[in-house]
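Following: one structure in structure tokens, then a few remarks.
The values are calculated or read from the model by the stated rules, or taken from the named source; none is laboratory data. Everything numeric in this text was worked out from a predicted model, so none of it was measured. Cβ placement follows ideal geometry from the backbone for every residue including glycine, while neighbour counts extend to all protein chains displayed. Heads up: the accessible areas ignore ligands, DNA and RNA and are worked out on the full protein's heavy atoms, side chains in. Shrake-Rupley method; radii C 1.70, N 1.55, O 1.52, S 1.80 Å.
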Amino acid sequence: MKRYTIFLILGLIALAVGIGTALASPEPAPVQQASDLHPNFALLDADGVNVLESGGAVSTMQTCGQCHDTNFIQSHAFHSDLGLSDYKETKDLNASSGLFGEWDPLTYRYLSQNGDERLDLSTAEWLMLNGSRVVGGGPAVTSRDGAALTSLKASASNPETAILNKDGSAAVWDWDKSGVMEMNCFLCHLEAPNAAARKEAIKAGDFGDANTATLLGLNVVAKSNAGWEWKAEAFNELGEVKSEILAIQDPTNANCAACHGEVHPNAGEPIVINQCDLDYPQTAATGQVVSGQRIDLSGVNLASKAELDFAWDIHAQRQLQCTDCHYSLNNPARLNEILRKGPEHLVYDPRSLEIGEYLQRPDHNFARGQSAQFNVDAENKATMRRCENCHDASKSHAGWLPYIETHMEVVACETCHIPRMYAPAIQTYDWTVVTTKGAASTECRGVEGTPNQVTSLVTGYEPVLLNRTNIDGKTLLAPYNLITSFYWVYDDANGNKRPVRLVDLKAAYLEGESYAADVVSAFDADKDGKVSPAELTIDSPAKEDLVKGKLSALGLSNPRIEGLIQPYSVNHNVVKGENALNDCRACHNEDSRMTQPIKLTDHAPVTPVFDAANNVNGTGELVTGEDGALYYQPVPANDGIYIFGASRVSWIDWFGALAFAGSLLGVFVHGTLRYLAARKLQKGHGKTKRVYMYEPYRRFWHWLQTVSIVVLLLTGLVIHRPDIFGAFSFSGMVTVHNVVAVILVVNAALSLFYHLAADQLRQFIPHPYGFFDDAILQAKYYVSGIFKGEPHPFEKRPDNRMNPIQKATYFGLLNVLLPLQIITGALMWAVQKFPNIAGGLPFLAPFHSLVAWLFGTFIIVHVYMTTTGATPLEAMRAMVTGYEEVEAHEEKDEG
């Protein structure tokens, strides 16, 4: 045992040095090589006997258990458990949180529960259908009650010991004959496991031979009619297999790809993608492709491919492996990441494993993210290394992105760094109908034509942005593909809702390998005697009633159609900053990236519902487009998100625009009437006198405040509507707006101090006594007297510059509007630290805009009113020179 441990330690050290050297090299590193320091070891069968002696199938639990605690590993591996540990009989469709028991409308087949009226998918057939993506162990060896599958009493009424015949009847499954499928260590730790041979064995129901089939083609074993033939030349004189033959190694991207999706480790060969193929589930569901090859060098018939001179995934290009982020949770080499999830005061934990202890008991509950569609082992979500653990956004985004912290608090890195997918993805699976081959009617987004055909053009697609609620309660906008499924369900004799079995659905539609006559009659719209793919959809009550009746005739109670929208996380295909979304107007625009809809389906037999069993907020709206298709329209406001330049509170914009336009109209009408009246009267304002009206500081304060307010209004308008003012830099306008806002606040504070110190503040305060009478008198002058050439009712003096209406206006402006605008602006700045302060941006930003509209209205009226002096430009000249020509009122006799 000590000898094995020493070899394993040396192997791990050598592997770590190799990975470090590869990551440090700017050139593409060679394909990861297996460690030649892993010791030779004996291959044992289920009884612990060397296979050279027994000639039996290999047992990975016994073989690897010579050095590693395989029982511990299997009990700490969600890839093996697959939801078995939390499996519970239920009336709902999902009996667990994992692949075993969680119903998937894409694969459709339903794992039957004990007592179900009709057998659909037994444990054995579940393995046949899913086994190629299952590492073994868990439900492949253990029953739902925790007993060994081989110990169960055989019965056709038990879904764990039965198998469904083609005619819908149930037969007994013999676990002793088929064997069970142990956790397959070879699948992940061999350089070249034979996944195809393993898959063939599983589909044939030869579960006990599946792990041995993984070794076929490696010059270790061959299959014969008599059983397994182990090749003596692959073993040493001690009966141990030579390590260089099996090439034991850390899992590579290619190993992970065997179950998850498309991976392209060979950079010299143009990549070709299996499009919308559920054998590559991650790629099929999202379009994610893990490859360091440049897209323009790939073999994909992709639109505008020549312009895509960057890698499918920057991390794959940098030679990162899946295990660099999805590492073992007790790996001492990952201690820093592990401690990050522990107590804040702890900087080192002496209880961490020694390397030998880790190699004996490596935790296979790997670090994981917060994907919407994978809920098994939920307690370990958010344990993986993420973007912020390697990249410092405050440095990489400095200089061009304003409010970096605010963006990082609400927007996931993937939102900008995965702007588009360049491979097709599933859009719709419609199981309300079946093809003559017994498959669903499908739609695939991101490709023009049939997927995988040479003549089909791949266009890719933009993921929809949805709000994801993380484990810590924070929400982030992140990219998703939405897959919409339609299917029939019925109520069984126990009152349980169950999906209509595929065997029953085929019986309703097909006679042999052709559609039944009544189906052809109902679906054949062009009357050519055939049902084309375009016609194969339930788009009328007549079609629905026909199928419903046929299902009822098969004994199904209350058959009905349901629809489900499922979000699939997009986390790979990350691009560098130069290829990411780096234009502020992409989001801060009327056509914001954050509000762009995504097509769900061309035809919807019913209105689907958003899958609530995940951490994604489906708070948007379902809308029907002009093309008749159904779309999902994100509505950020429903999640309390306000996006400058994109979010609108329509009544505020309408009210502000009407107030502004009304003031312009009023000024134009009043000014025109004044001009016409002045031409008739042919006289000025009578006797005037020149008065020193404005001291230097007052003039400086006024012009600085005027310029500040005008600049703030203009930059605020650009921020609010960048789609109209696209010639201006959005981020530049934000910076200018913030700087000028500070200038305005400082200027206002100094002005307040000056007016208090100089005892000038009383000029801005209307005196209650006689105010209304004076205001009415002033209003009559503006409405009537000014057109008759009458003098102003109140004399303008240095100690009393404003008439009653001006005083009331300035009182509201300086004591209400300006403070409100300053306060709301300051709170909007504080939102980046305290997102929910004063209602957050959804309240503060619209209110700030409303006050800005009122300021704009005031400026129009204020500028016009300055023309009512002795001459139209006299008041403005006075604010430059300090001297103003004013009407000379006669002295009142107070005797």
K780: which aspartates and glutamates have alpha carbons under 13 Å from its alpha carbon, excluding same-chain residues fewer than 8 sequence positions away? E790
Could you work out the relative contact order of the range 591-646? I mean the mean sequence separation of Cα pairs under 8 Å and 6+ apart, divided by the number of residues, in percent. 42 percent
Interchain or long-range residues, amide H under 5 Å from W173's placed H: S155, A162, I163
Given a Förster distance of 30 Å, report the FRET efficiency between D518 and N638 from their Cβ-Cβ distance, rounded to the nearest 0.05. 0.10
Which whole-number percentage describes the relative contact order of the range 98-188, with Cα contacts under 8 Å and a sequence gap of 6 or more? 28 percent
Past the 31 Å Cα-Cα mark, which pairs from K177/K550; K305/K506; K689/K807; K91/K543; K177/K381; K381/K576? K177/K550; K305/K506; K177/K381
Note the full-extension length gain between A204 and I822 as 0.36 nm times their separation in residues minus their Cα-Cα distance, in nm to one decimal. 215.1 nm
Estimated dipole of the range 494-603 in Debye, rounded to 20 [Cβ of Lys and Arg +1, of Asp and Glu -1, Cα centre]: 540 debye
Cα lying deepest toward the dipole's positive end in the chain, options Q288, A870, A192, charges on Cβ: A870
Here the net charge surrounding R501, from other residues whose Cβ is less than 13 Å away from its Cβ (Lys, Arg +1; Asp, Glu -1), is -2
Under 10 °C and 1.306 mPa s, how fast does the chain diffuse according to Stokes-Einstein, given a Kirkwood radius computed over C-alpha pairs? Answer in µm²/s, whole number. 48 µm²/s
Could you rank the peptides 277-283, 413-419 by their average count of other C-beta atoms within 10 Å per residue, with the highest value first? 413-419, 277-283
For the pair L681/R877, report the inter-label distance in nm, with labels modelled 7 Å from Cα in the Cβ direction. 1.9 nm
Accessible surface of the chain [probe 1.4 Å, protein heavy atoms]: carbon and sulfur percent: 58 percent
Rounded to a whole number, the Stokes-Einstein D of the range 587-645 in µm²/s (Kirkwood radius over Cα pairs; 4 °C; 1.567 mPa s) is 102 µm²/s
What is the antiparallel percent of DSSP beta bridges lying wholly in the chain, to the nearest 5? 85 percent
So who's got an amide H within less than 5 Å of the one on L600, skipping anything under 5 residues away but keeping other chains? H placed 1.01 Å off N, in plane. L630, Y631, Y632
Ratio to report: Rg/Rh of the range 767-895, with Cα atoms as the point set and Rh obtained by the Kirkwood method; give two decimals. 1.11
Using alpha carbon centroids, what distance separates the range 614-634 and the range 271-331, in Å? 28 Å
Computed for the chain: size of charge dipole around the Cα centre, +1 on C-beta of each Lys and Arg, -1 on C-beta of each Asp and Glu, debye to nearest 20, value 3660 debye
Over the chain, relative contact order from alpha-carbon pairs under 8 Å, at least 6 apart, %: 9 percent
Can you find, among P791, G115, T214, the residue farthest towards the positive end of the dipole of the chain? Put +1 on the C-beta of Lys and Arg, -1 on that of Asp and Glu. P791
Probe 1.4 Å, heavy atoms of protein chains only: per residue, the accessible area of the chain in Å² is 48 Å²
Quickly work out the D324-to-F660 label distance, labels modelled 7 Å from Cα along the C-beta direction, and quote it in nm with one decimal. 5.0 nm
Tell me the Rg and the Dmax, in Å, that the Cα atoms of the range 572-711 produce. 27.8, 84
Sort 748-756, 361-369, 386-394 by packing, meaning the average of other beta carbons within 10 Å per residue, with the highest value first. 361-369, 748-756, 386-394
With a point put 7 Å past each Cα toward its Cβ, work out how far E448 is from F811 in nm, to one decimal. 6.9 nm
Can you bin the range 411-479 into rounded, prolate or oblate? Criterion: square roots of the alpha carbon gyration tensor eigenvalues sorted a ≥ b ≥ c, rounded for a/c under 1.5, prolate for a/b above b/c, oblate for the rest. oblate
What does the charge count near S532 come to, summing +1 for each Lys or Arg and -1 for each Asp or Glu among other residues with Cβ under 9 Å from its Cβ? -3
Summing Lys, Arg as +1 and Asp, Glu as -1, what charge do residues with Cβ under 10 Å from the Cβ of G55 carry, G55 excluded? -3
Can you tell me the dipole magnitude for the range 495-560 around its Cα centre, using point charges on the Cβ only (Lys, Arg +1; Asp, Glu -1), in Debye to the nearest 20? 480 debye
Rg/Rh (Cα only; Kirkwood hydrodynamic radius) as it applies to the range 144-205: 1.07
Helix-only CD estimate at 222 nm, as mean residue ellipticity for the chain, using -39500 (n - 2.57) per DSSP H run (n ≥ 4): -10000 deg cm²/dmol
Can you give the FRET efficiency to the nearest 0.05 for V606 and D545, using r as the Cβ-Cβ distance and R₀ = 22 Å? 0.95
Select from L756, L820, L777 the residue farthest towards the positive end of the dipole of the range 739-865; place +1 on Cβ of Lys and Arg, -1 on Cβ of Asp and Glu, and compute about the Cα centre. L820
Of 205-212, 603-610, ordering from highest average Cβ density within 10 Å down gives 205-212, 603-610
